[in-house]
1. Which value, in nm² and rounded to one decimal, describes the direction-averaged projected area of the C-alpha convex hull of the range 78-173?
2. Which distance in Å, rounded to a whole number, links the C-alpha centroids of the range 175-228 and the range 237-304?
3. Can you list residues whose amide H is under 5 Å from ASP181's amide H, if they're 5+ apart or on another chain and H is modeled 1.01 Å from N?
4. Report the net charge of residues surrounding ALA120, where surrounding means a beta-carbon distance below 13 angstrom and charges are Lys +1, Arg +1, Asp -1, Glu -1.
5. By the scheme Lys and Arg +1, Asp and Glu -1, what is the net charge of all other residues having a beta-carbon under 13 Å from that of GLY62?
6. Give, as a single signed number, the net charge of other residues whose beta carbon lies under 15 Å from the beta carbon of MET328, with Lys and Arg counted +1 and Asp and Glu -1.
7. Return the whole-Å distance between the Cα centroid of the range 118-159 and the Cα centroid of the range 20-35.
8. For the range 129-254, how big is the tail of P(r) above 24 Å, as a whole percent of Cα pairs?
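Coordinate-derived values only; no laboratory data. As the structure is a computational prediction, the values presented were derived from the model and not from experiment. Virtual Cβ from ideal backbone geometry, glycine too; neighbours counted across all protein chains shown.
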Amino acid sequence: MSMSYETIAAEKAALITQTGRATILAIETSCDETAAAVVRNGREVLSSAVYSQIPIHEQYGGVVPELASRNHTLKLRQVVTYALEQAKLPWDALDAIAVTSHPGLVGALLTGVNYAKGLAYALSLPLVGVDHIAGHIAANYICHPRLHPPFVALVASGSHSHLFHVLDYNRYALLGRTRDDAAGEAFDKIARILELGYPGGPKLEQLAKQGDPAAIVLPIGMHGDAGLDFSFSGLKTAAINALHMAKQRGTQLNYADLAASFQYSIVESLTQNALRAALQYAPGGSFVLAGGVAANQTLRERLREAMREAGLVFYAPEGKYTGDNAAMIGCAGHYALCAGERSTLALNAVARNAY
Ligand code: KG4
Ligand code: ZN
């Protein structure tokens, strides 16, 4: 009698838990990047392919969920095949499949989850669903071979502004989160008002380089509050009001000054809470920045300096691992399998945040 998929997958997963060794194919489709990667033993990236849908969504000024799903479906096979080719590996060299299963656009997530399930079943490999935020944090394990938990982490992306105490590879305590917009979302919204295009973060950062961050005084979110939560909607409203008031006076604000002042407020807000969290939960230890907004040089430098002064070591991923990619999902998936986690073929995509 032949063994069932579940029995084989459980045995193979148990072997990974036992040995800590695995070659994992990872898939990421939570938003507008179709990505696949092959990761060995957690931190060695054999290949990382990212097909960006930005040119498709750019003309709409933001991600159109239906288009994202459809284009993931169109491109996934190609991206996965390319990742395997780049890794110079045959299918039978793989030990497991990891896939982002939450949070994100549910239709987009589903394309990756279903594809991963099909592969896992066809190749008789264990499957593991990965949290996208855990993936962003894991990008730092890839870039910094000596980094190990515990540490305090800030994940700043298009949908997250979260401070965590990362106790172990699979144990996170949430310390603070945004009460309204995420940091990247705030960047994107103001960039849209300034008609800079999508995604707004990198474009606003470019414009800010020519502006004076002290030119326009904007509030720093949740400043003075003792908690570790963030809020960026007041800042956003203040920036919009400043634009309107100038217009009513018959003048026009200097957009570069507004971009620089806006960026300053966001960076200060993130840094001040990050610093308090780091001093409280990881004094003398490590602080980790992750997520798409980690590409922002002003934020990186401000945090690096603040952490150094406070006696902490600062880590951030190298450029290509700040935004969405599948290598980070392979790394997080590896540590989940090592901890004995595994998903069945009933794995589902979930839109909402686990935290
Ligand atoms: O992690 P990510 O690629 O996708 C999500 O999980 O959301 O993050 C994308 C976000 C976008 O909001 C984008 O505008 C922002 O990260 N971002 C930046 C920069 N590069 C990307 N924000 C500020 N400065 C940047 N250089
Ligand atoms: Zn992301």
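1. Working: hull surface 29.5 nm².
Convex hull of Cα atoms, orientation-averaged projection: 7.4 nm².
2. After rounding, the separation between the Cα centres reads 5 Å.
3. PHE232, SER233
4. Numbers: positive: LYS12, LYS117, ARG342; negative: GLU6, ASP95.
Computed value for this residue: +1.
5. Once positives and negatives cancel, what remains is -3.
6. Summing Lys and Arg as +1 and Asp and Glu as -1 gives -3.
7. Each part's Cα centre sits 9 Å from the other's.
8. Numbers: 3245 of 7875 pairs.
Of all Cα-Cα pairs in the range 129-254, 41 percent lie more than 24 Å apart.
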